[in-house]
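Contents: one structure, followed by commentary.
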Amino acid sequence: MTATSIAPPLLLKETETAERSEWGQVWRRFRANRLAVVGLVVVIGLVMVALFANLIAPYDPTYQLRGMRGAAPSSAHWLGTDYNGRDLLSRVLFGTRIALAVGLGATLLSVLMGVVVGAVAGYFGGWTDTLLSRLIDTLMSMPVLALLTLLSAVLRDKNLSSVLLTILVIGFTGWARFARVVRADVLSLKSSDFVTAARASGIKPLRIIFRHMLPNVLGPVIVLASLGIGGIIILESALSFLGLGVRPPTPSWGVILSDGRQYITTYPHIVISPGLMIVLTVLAFNFLGDGLRDALDPKQRAE
């Protein structure tokens with residue numbers, strides 16, 4: 001057997017071993033951050049609750065129990081009931097599904113838009129970069145909550161699900177930060193040897209962008225996305241609290257807070273549980289994002 005026939009399998013094996021070793025180092029750095037691990041465990045738990053809320057919840061979240069308005073926590077209703085007699089534990093559990101659906105859905109939409117816009121702006125440069133950069137700067141200069149409120153009010157009468165509408169509104173207003181990060185990374189990669197070689201080989205620009213350049217910029221995007229999910233959940237809760245997001249009687253945490261705000265002195269338990277869930281979820285995603293940032297940090301990877 002010749003050396004030529006042996007070399008490709010050996011090179012492939014070495015490449016796979018190096019990749020496994022690199023991801024192993026990433027996992028070890030992530031695992032060393034205890035708060036990040038706690039955040040990951042909590043996020044996994046929240047995902048399981050969202051997936052199986054209909055099996056875990058003891059009651060229908062929209063069913064009104066007679067004579068149970070504002071009932072205090074008890075063995076039958078662990079978190080009590082709201083002013084309409086609906087079981088709060090069931091509503092909070094189903095609210096997890098809404099929070100994660102909006103958080104993950106809006107983040108995915110923002111990432112897709114931001115990656116495409118940022119990559120195109122950074123690679124092509126010239127008037128394309130100038131136009132898209134001004135669009136990014138304009139969007140990032142606007143007050144986010146005011147813009148979301150305006151868009152929600154304008155689109156509220158459209159024939160769309162309130163959850164889907166909330167995802168679209170937040171997603172279409174949150175892509176600029178991803179675009180800015182991707183644009184900067186693509187600009188730094190544009191003069192790299194592998195990009196120059198790809199151009200010389202006659203590969204089309206879009207293939208160079210999406211096949212060769214984007215895999216090298218996904219690390220910062222993943223970190224930014226994980227850190228941003230908590231902020232999106234807060235925005236969804238704020239919109240629902242103002243009556244411009246998820247509509248009642250859908251059990252969103254923001255809706256529960258809105259329903260209980262006028263009874264906060266009489267029945268404070270109504271607002272405590274959704275408020276604590278928002279805090280717990282945002283902290284979990286922030287811890288997870290911090291852990292991913294430290295694990296994927298190129299400076300630590302080089303050490």
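Values for this structure:
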quantity	calculated
Qualifying residue in region 166-183 (condition: hydroxyl-bearing (Ser, Thr, Tyr), within 21 Å of residue 109 (Cα to Cα) and surrounded by 12 or more Cβ atoms within 10 Å (Cβ to Cβ))	yes
Criterion: surrounded by 15 or more Cβ atoms within 10 Å (Cβ to Cβ) and assigned to a helix (DSSP H, G or I) - qualifying residue of 135, 139	139
Number of the condition not met by residue 246 [criteria: (1) modelled with pLDDT of 90 or more; (2) of a type in the set (A, V, I, L, M, F, W, C); (3) closer than 22 Å to residue 64 by Cβ]	(1)
Qualifying position, being under 26 Å from residue 134 (Cβ atoms) and more than 19 Å from the chain's Cα centre (by Cα), among 224, 218, 189	189
Region 61-89, residues that are farther than 17 Å from residue 267 by Cβ and surrounded by 14 or more Cβ atoms within 10 Å (Cβ to Cβ)	61, 62
Residues of region 196-239 that turn out to be farther than 17 Å from residue 118 by Cα, in a helix (DSSP H, G or I) and touching a helix residue (DSSP H, G or I) at 6+ places or on another chain (Cβ under 9 Å), as a count	16
Test result for residue 44, in contact with a Pro (Cβ under 8 Å, 6 or more places away or on another chain) and among the β-branched types (Val, Ile, Thr)	no
The lone exception for residue 194 - which of (1) within 20 Å of residue 218 (Cβ to Cβ); (2) modelled with pLDDT of 85 or more; (3) surrounded by fewer than 19 Cβ atoms within 10 Å (Cβ to Cβ); (4) not polar (S, T, N, Q) it fails	(2)
Qualifying position, being within 24 Å of residue 278 (Cβ to Cβ), assigned to a loop (DSSP other than H, G, I, E, B) and either in contact with a strand residue (DSSP E or B) (Cβ under 6 Å, 6 or more places away or on another chain) or not acidic (Asp, Glu) (or both), among 89, 104, 79	79
Test: residue in region 145-167 that is in contact (Cβ under 8 Å) with a residue 24 or more places away in the chain and closer than 27 Å to residue 206 by Cα	no
Lone qualifier among 201, 273, 258, 252 - being over 30 Å from residue 27 (Cβ atoms) and under 19 Å from the mean Cα position of the chain (by Cα)	252
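The values are calculated or read from the model by the stated rules, or taken from the named source; none is laboratory data. Note that the structure is predicted; figures quoted are calculated from it, not measured. A quick note on method: Cβ atoms are made from the backbone with ideal geometry, for glycine too, and the neighbour counts reach across all protein chains shown.
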